[in-house]
Amino acid sequence: MTEPPAAGAASPADPNAECPYCRKPPALCVCEGVARIDNTVALLILQHPQEQDRELGTARLAALHFKRALVKIGLSWPSLTKILGRSTDPQRWAILYLGSVKAAAVLPDRDIVVVSKNGNAVDHQDSALREIEGIILLDGTWSQAKALWWRNAWMLKCKRVVLGPKRPSRYGRLRREPRSDGLSTIEAAAMLLARLEHKPEIETALHATFERLLARYRATRPASGGRRGR
């Protein structure tokens, strides 16, 4: 990923330009002050090419926080190894699963649950989580994310994780989520990496960036109804 600008860096002079880091218009750019996190668990965000939410999307903001993070735009890739450019065992990576299973219904005492292809919690959850060396998030609307899932058969080799957040997405009315446990990409990344690395400060940092984005959006955009969600 490209390095974020240092605090105090100048914004583009052209009001119609976009930030080269987060790809947002200058009025919504919150890249300044983003501190890079030296993460052990890698983050890979696969974005559907028709994901058009330039203003409220959070994929690039999430990736900017981490030294080991990558955003790829496309519909399909032959393998995880091809995406990363190095030999990789997909069974040591986990993907945020899009199925109907909910963490609260499987293991209500856990924020992150590793599930089988049948939607059941796997045995030895702690060891299953410790084995994860990378997380994959699918970015786009729910239908776009599902298209990515079905177009990439290699994802079936990855572990599947589901989240049980204790509060709804910070998007609130700005973007409607089809499920009560639906989170933005940056919130999902924050929750997963903070728990897997046992570093609550990861969640604090990413949530602060997201809150700044939402505050700028509300201050610079007219009030509107909820947008479509993922």
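The values are calculated or read from the model by the stated rules, or taken from the named source; none is laboratory data. Please read all numbers here as calculations on a predicted model, not as lab measurements. In case anyone asks, the SASA skips ligands and DNA or RNA and just uses the protein heavy atoms, side chains included. Shrake-Rupley method; radii C 1.70, N 1.55, O 1.52, S 1.80 Å.
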- Message: Counting only protein heavy atoms and a 1.4 Å probe, tell me what percentage of the range 40-79's accessible area is made up of carbon and sulfur.
- Response: 47 percent
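Counting DSSP beta bridges with both partners in the chain, what percentage is antiparallel, nearest 5?
20 percent
Would you mind getting the accessible area per residue of the range 62-176, heavy atoms of the protein chains only, 1.4 Å probe, in Å²?
Details: 5860 Å² over 115 residues.
Value for the range 62-176: 51 Å² per residue.
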- Message: At a threshold of 8 angstrom on Cα-Cα distance, excluding pairs fewer than six apart, so keeping six or more, what relative contact order does the chain reach in percent?
- Response: 23 percent
- Message: My understanding is that a pair violates if its Cα-Cα distance is over 28 Å; which of Lys146/Lys199; Lys102/Lys199; Lys102/Lys146 do that in this structure?
- Response: Lys146/Lys199
- Can you give the three extents of the C-alpha atoms in the chain along their principal axes, from longest to shortest, in whole Å? 54, 38, 33
- Helix 185-196 versus the longest principal axis of the chain: what is the Cα-based angle in degrees, 0 to 90, to the nearest 10? 50 degrees
- Query: In terms of modelled amide H atoms, which long-range or inter-chain residues lie less than 5 Å from the amide H of Leu137?
  - Reply: Leu44, Ile45, Leu46
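Can you tell me, using C-alpha contacts under 8 Å and at least 6 residues apart, the relative contact order of the range 57-137 as a whole percent?
26 percent
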